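Report on one structure; see the data block that follows.
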Amino acid sequence: MAGWFVDLGRWAGGLVIFGLCACFTSLALVPCWILFLEVQRILSTFWAVMSVPFLYAVWGFGYCALCVLYKHLIRYRPREGEWPLFSWPVVGWGTTGALTNWANIFFLQHWKGTRFLNLYLRAMGTKVGRRVSINTIHIYEWDLITIGDDAILGGDCVVQGHIVEGGRMRMRPVRIGNKALVGTGAKVMPGCTVEDL
């Protein structure tokens, strides 16, 4: 009986998360549609169609802004600790993570190594130093991550502050030191410190 209830909860959670992603995607498309119609009205349909790649950027920035807003509205802030999988801190982690993974897949992967990615991560709660080069979108539990000045995160490395063991979510802080290098494809796990160089 308990297994059936857990499976039902997982299905319901998946539908809620998909619904949130679809809703955020639609909301972020509203300014794109308005701009498309304005370009079409002022110039022509040809130029409106030619503006679509730029409108994709408008959509992406809007979607990322909605992710930041959502995280702050639900007051989700990853913190050090341990919780059962079916608890409110884990629900905040799951919904916020799913929304930002959508942003990662469809938009942020094109902004690796740019200041925009650094600004986005700061807005999500990551402590990012000066002159940091982040060449990955795989940074999780933002409020638990500190990246020092002049650090370099190599292509597609993973920096995460969570692990699931024995049916419980455990979160620990991660610190990347000043001038530290996290190599391409490396994984930095919860509680780790990459020392200053």
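Please indicate, with yes or no, whether at least one residue in segment 150-171 is among the polar types (S, T, N, Q), under 17 Å from Thr96 (Cα atoms) and under 14 Å from the mean Cα position of the chain (by Cα).
yes
For segment 162-193, the candidate set comprises residues that are open to solvent by 70 Å² or more (accessible area, probe 1.4 Å) and of a type in the set (D, E, K, R); within that set, the residue that is nearest to Ile139 (Cα to Cα) is Lys187. What are the residues in segment 119-143 that are open to solvent by 50 Å² or more (accessible area, probe 1.4 Å) and farther than 27 Å from Pro89 by Cα, if any? Residues satisfying the conditions are Arg130, Arg131. Close contacts from segment 102-123, counting a first residue that is under 19 Å from Pro78 (Cβ atoms) and a second that is β-branched (Val, Ile, Thr) and part of a helix (DSSP H, G or I), with Cβ to Cβ under 6 Å and a gap of 6+ residues or different chains, come to Ala123/Val68.
Here is a check on your reading of the model: is Thr126 modelled with pLDDT under 95, closer than 27 Å to Met169 by Cβ and among the β-branched types (Val, Ile, Thr)?
When the stated conditions are applied, Thr126 does not pass them.
Cβ-Cβ contacts under 6 Å between residues 6 or more apart (or on different chains), taken from a first residue in segment 139-158 that is among the hydroxyl-bearing types (Ser, Thr, Tyr) to a second residue that is assigned to a loop (DSSP other than H, G, I, E, B) and open to solvent by less than 40 Å² (accessible area, probe 1.4 Å), are listed as Tyr140/Gln160.
Being modelled with pLDDT of 95 or more, open to solvent by 20 Å² or more (accessible area, probe 1.4 Å) and of a type in the set (Val, Ile, Thr) is the requirement here; does Thr146 meet it?
yes
Given the criteria open to solvent by 50 Å² or more (accessible area, probe 1.4 Å), within 24 Å of Asn104 (Cα to Cα) and touching a Lys or Arg at 6+ places or on another chain (Cβ under 6 Å), does Ile152 qualify? Spelling it out, it is not the case that Ile152 is open to solvent by 50 Å² or more (accessible area, probe 1.4 Å), within 24 Å of Asn104 (Cα to Cα) and touching a Lys or Arg at 6+ places or on another chain (Cβ under 6 Å).
The values are calculated or read from the model by the stated rules, or taken from the named source; none is laboratory data. Given the structure is predicted, the values throughout are model-derived calculations rather than measurements. With ideal geometry, Cβ positions are generated from the backbone for all residues, glycine too; neighbour counts draw on all protein chains shown. For the accessible areas, the whole protein counts, side chains as well, though only heavy atoms, and no ligand, DNA or RNA atoms are used. Shrake-Rupley method; radii C 1.70, N 1.55, O 1.52, S 1.80 Å.
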